[in-house]
Structures are given as structure tokens and as C-alpha cells.
Amino acid sequence: MRTLSGAWRRVAAGAGLLGADGTTAPTIFAEMSGLAARTGALNLGQGFPDEDGPAVILDAAREAIARGENQYPPGRGILDLRSAVSEHQRRFYGLSVDPDREVLVTAGATEALAAAILALVDGAEDEVVVFEPYYDAYAALAALAGARLVTVPLRWPDFQPDLDDLRAAVTDRTRLILVNDPHNPTGAVFTDDVRTELVRLAERHDAIIVTDEVYEHLVFDGRAHRPLATLPGAAERTLTVSSGGKTFSTTGWKIGWVTGPADLIDAVLAVKQFLTYVNGSPFQPAIAAGLRLDDRFFAGIAADLQRRRDLLLTGLQAAGFATAHAAGSYFTVAEAAPLGVVDAHAFCRELPERVGVVAIPLTAFVGPAHRAEYATLVRFAACKRDEVLVEAARRLALLR
Ligand SMILES: Cc1ncc(COP(=O)(O)O)c(C=O)c1O
């Protein structure tokens, strides 16, 4: 076999996918979605909705194609979408962002995160602080940037960080604090105490906050999302990342954006323009239309997903799992130890054959050093049709 040099090895290792023999394993999502396809199991693994979003948004994309909006859009994104993002930040959060200088459209939240990390981190002297478990791209991208990943544990069952752990993790070496709120995979929504401490630490150590808020409209139990950038002192050092994928059930369109101070946005643009340059011309006006939908739409998607979370919770509890209470996001974490499970990865590998359901072990979101602490936890996605969740609950009950 050829030995290939290059950054891929660092990225694969950062994501925990580099085998001892030097080959790269598929991600757990590819493995489990492959199992779902092969066995016909219900896929509560990968976080994508199984229903289309609002017809007006889908129609807007078709109309944009018919109008001929099929060539490169401007590098920062079309003005209509940048304006819609700016209006959205003001309408929901009272934040003021200049559509010309403080908004950048990206190929999903993923590209915004990649460009921000690559732009602002410079090698092994720089540390990136993340909460663990983490969305898998964070560790991979920090590794690509050559930075050291410093993790703050989120522990079962409430998955709020301990403030002393947070204080110990953030130092003068911290370049970025990467936050995800609402949080994938745990469903946690951070408390105001956590948010305040994050901003205080960032100010004290002159770190930049990158906050991934792709689940901003999927917060439950009557709570409203509170972006980190709205906290006193935060806006000048915060890049806020979001995307249309989760809010409008268009995960395949990959229209994302990042907002923040003009100098930080310029730095992100310097990298982003050589990653994809631009993407998704006809989808940009469609997502702009989505962001301008009325309040009923936004309240409706949170209420819908809350109902589905409750269906999933009831099903998991009836099947004998202990459950965490997801306050937001697509996901709910279940403790499988009461079912006699000692290794959630092995359990998830068997689950499709045993009962026809796919789920993801939480160890997929944890670095090798800490996997033992999460060994029996499983992530289930609630962003599926009611009948799918009801049928999944019926099947999971067979585990008892
Ligand atoms: C926390 C988090 N950030 C980012 C993404 C990716 O967003 P996008 O599809 O807009 O790149 C996801 C998708 O699952 C996610 O869960």
C-alpha cells in the first residue's frame, strides 16, 4: 500500500478515524446509515428530517432556477440573503449586523466553521476549547488547523459543563472557544450562568468565541434561544454560525452563514473564498424567503419537534432506557445500561438486525481518552415523522 503524506492523516486521527494500519475508517454515520439501508431499519441515527420543509421555500428555489439564477453568486452571498440574515438577527435577538460587512454566506454551517477555524487558528501553539461530546467536525477541523483541542466534559444526565472545568480549560493559549448551543449530540441548552462564564473567560484571555447555533429555532418547553452574541461584551469577539438546513428541513441545500465583527468576517472570507468560493445560487433567495416567514412558522417547528421529542422519550422509557431531557436540537440521549448494555457501539451495531432501529453511540462524539465515560449512552434523532417514531418505539419495546 502507498504511504500518502499530507494533512489527511491529522484530520482522520483528529476525528478518531485513523486505524492502527494507517487506513481511514468510515464515520459512524456512514456505517450506521449503511446498516439502515441494508436492513431497512428505521434511521434514528443521522440527523436529517424525513419530510420536506415549507412549500414556499421549495417553490422559491424552483422559481430562482427558472429565472436563471444559476451562475456564481457574489462571494459574500446574495444581498437579499445577507439582508434577510441581518433582519432575522434583529427580529429574534435585537442584534444589529451590517449585511454588507458583518454577514458571510457559506456552504452550510460546516464551511463557516471550517473557514473560521482555519482563518483564526495558527498551529500547535493555539488551543481550541470545545465541549465534549462534540459535533465530529470540530475535532477534525481543529486537527486540520494543527491546533490543540482542549475539551470540557458535559456529563450525563443534564450535560451542563462544570464551571470550574471551564475555567481550567480556558487560558491565554486559548485562541477559540467553540460553542454549540443548542447542543448536538446531547440536546442540552446551556444555562445563562454557563454563557456568562464563557464570555467572561473569552474576555479575560482574549479568545474569540465561535458559536454554532444551527438549532437556534429548535428550543423546547417555552424557552427562547439566547445567542451568545447578545451577552454584554460578547458581540465584538463572537462569530455566530447558523444555517438553513435544520430550520427549514433543507439539510441537502447547504446554505449557511456567519455573522460577527467586520474584521473577523473578513478573515473568515479570506479562507472561505478558496474553499468553495460560493455555492447554491438558487437556494440563497429561497432561504432568504424562509428567514422572513412569520412567527407562527418558527413557533410551529419548535412545537412540532417538541411533540416528536416527547414521542421518542416515551418510547425510550417504555423500552427500559433511562433518558436525558433534551431542551433543544434534533437529539435525545438515552442510557442503555438498564438494558444490560455495556458497550453502546456494539449495541448500536446489533440494533438494526435485532429490532430494526438505527441509533448512534455517544462515543462517536468523544475523543479516545474519554470514551469509557460515555460507553453506554446512545443518541436518537427525533426529527422524523410521528408514525416513524411510534413504530420505532414499538420495535424498541421488543428489547425488554
Ligand atoms: C452542531 C452542528 N453543526 C453543524 C452542522 C452542519 O450544518 P450544515 O449542514 O449547515 O453544514 C450540524 C449538522 O448535523 C450540526 O449538528
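The values are calculated or read from the model by the stated rules, or taken from the named source; none is laboratory data. Just so you know, these numbers come straight off a predicted model, no measurement behind them. No Cβ is skipped: glycine too gets one built from the backbone with ideal geometry, and neighbour counts run over all protein chains shown.
Of note:
- Qualifying residues in segment 294-332 (those that are assigned to a helix (DSSP H, G or I) and of a type in the set (G, A, S)) - the one nearest to the ligand (Cβ to nearest atom): A302
- Index of the failed condition, V179 passing every other in (1) touching a residue at least 40 places away in the same chain (Cβ under 8 Å); (2) surrounded by fewer than 21 Cβ atoms within 10 Å (Cβ to Cβ); (3) of a type in the set (V, I, T): (2)
- Within segment 290-311, the set of residues being more than 13 Å from S249 (Cβ to Cβ) and in contact with a Phe, Trp or Tyr (Cβ under 6 Å, 6 or more places away or on another chain) comprises just one member, Q306.
- Selection within segment 254-277: residues that are farther than 25 Å from Y93 by Cα and within 15 Å of the ligand (Cβ to nearest atom). The member of this set that is surrounded by the fewest Cβ atoms within 10 Å (Cβ to Cβ) is L275.
- Residue that is assigned by TED's automatic domain parsing to the domain that holds L178 and within 16 Å of the ligand (Cβ to nearest atom), where the choices are I78, I117, I65, I28: I117
- Scanning segment 139-172 for residues that are of a type in the set (S, T, Y) and within 17 Å of the chain's Cα centre (by Cα) yields a total of 1.
- If the condition is being within 30 Å of E387 (Cβ to Cβ), surrounded by fewer than 11 Cβ atoms within 10 Å (Cβ to Cβ) and of a type in the set (V, I, T), then segment 1-44 contributes no residue at all.
- E87 more than 16 Å from the ligand (Cβ to nearest atom) and surrounded by 21 or more Cβ atoms within 10 Å (Cβ to Cβ): no
- When L291, L305 are checked against the criterion of being in contact with a helix residue (DSSP H, G or I) (Cβ under 7 Å, 6 or more places away or on another chain) and crowded, with 19+ Cβ neighbours inside 10 Å, a single residue qualifies: L291.
- Candidate set from segment 173-191 (those that are under 13 Å from the mean Cα position of the chain (by Cα) and not in a loop (DSSP other than H, G, I, E, B)); member that is nearest to E125 (Cα to Cα): L178
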